[in-house]
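Trainee: If you scroll down you'll find the structure; I have some questions about it.
The values are calculated or read from the model by the stated rules, or taken from the named source; none is laboratory data. As the structure is a computational prediction, the values presented were derived from the model and not from experiment. Quick reminder, even Gly has a Cβ in these numbers, built from the backbone with ideal geometry, and neighbours come from all protein chains shown. All accessible areas refer to the heavy atoms of the entire protein, side chains included, with ligands and DNA or RNA removed. Shrake-Rupley method; radii C 1.70, N 1.55, O 1.52, S 1.80 Å.
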Amino acid sequence: DPTSGSYQTHAHAPMLTLADVLFYKDIRHGRPAPQDEPSVTPLCDPDFTQLPPTLAISAECDPLADDARLYTDKIIRAGGRARWSNAKGLVHGYLRARKMVPRAAQSFTLIVETISAFANSAWPFEEPR
């Protein structure tokens, strides 16, 4: 919902603004994006069952930040395994700085280690108690 949450809190974030998100959503289709189409807006999909284990990554200072959390929540509610990691203080595209910014490097390491675990059919996270 571009009228609430991180879309508004970080509407003018560096690297990606709300205006950018809306522009790219429409330009991707060459016209206004279809509404309620899961391939365009995955959060509108009514079925989150049978998805593979998921690590959803977001940057804190990004209009899209809440989407990763909401996606994770929907997978978990549907009985799947998902984990959300929010890169504190970082902006969209932060992984480009992984060689210079320690928090970006930590996030990149988490991503690589998680993908490796998934490739070995492992869940690399402790389950909540």
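Trainee: Please tell me the relative contact order of the range 1-54 in percent, rounded to the nearest whole number, where contacts are Cα pairs under 8 Å and at least six residues apart. It would help to have the intermediate numbers written out before the result.
Mentor: Details: 25 pairs, mean separation 7.9, N = 54.
Reported relative contact order: 15 percent.
Trainee: So, one more: Taking 7 Å along the Cα-to-C-beta vector as the label spot, tell me the residue 106-residue 125 distance in nanometres, rounded to one decimal.
Mentor: Placing both labels 7 Å along Cα→Cβ, they lie 1.7 nm apart.
Trainee: Let me check against my output: what whole-number percent is the relative contact order of the range 1-105, with C-alpha pairs under 8 Å and at least 6 apart? Before the final figure, lay out each step's value.
Mentor: Working: 157 pairs, mean separation 28.3, N = 105.
Computed value for the range 1-105: 27 percent relative contact order.
Trainee: Also, quick follow-up: I need the Debye-formula profile for the range 23-104: one equal scatterer per C-alpha, no solvent, reported as log10 I(q)/I(0) at q = 0.13, 0.23, 0.26 1/Å, two decimals.
Mentor: Results for the range 23-104 at q = 0.13, 0.23, 0.26 Å⁻¹ read -0.52, -1.08, -1.14.
Trainee: How far apart, in nanometres, would the label points at residue 9 and residue 37 be if each is projected 7 angstrom from Cα along the Cα-to-Cβ direction?
Mentor: According to this spin-label approximation, the distance is 3.0 nm.
Trainee: Same structure, new question: Separation of the range 1-76 and the range 81-129 by C-alpha centroid, Å?
Mentor: Measuring centre to centre over Cα atoms gives 18 Å.
Trainee: Would you please give the residues with an amide H less than 5 Å from that of residue 13, counting only those at least 5 places away or on a separate chain, with H modeled from the backbone geometry?
Mentor: Result for residue 13 returns 18.
Trainee: Let me ask something else. So for the range 20-66, what percent of the C-alpha to C-alpha distances run longer than 12 Å? Working shown, then result.
Mentor: Details: 786 of 1081 pairs.
The calculated P(r) of the range 20-66 puts 73 percent of pairs beyond 12 Å.
Trainee: Please report the carbon-and-sulfur percent of the accessible area for the range 30-81; probe 1.4 Å, protein heavy atoms only, DNA, RNA and ligands left out. Kindly include the intermediate steps, with their values, before the conclusion.
Mentor: Details: 1560 of 3010 Å².
Result for the range 30-81: 52 percent of the exposed heavy-atom area is carbon or sulfur.
Trainee: Excluding ligands, DNA and RNA, what is the solvent-accessible area per residue of the chain at a probe of 1.4 Å, expressed in Å²? Don't jump to the answer; show the numbers that get you there.
Mentor: Values: 8410 Å² over 129 residues.
Solvent-accessible surface per residue comes out at 65 Å².
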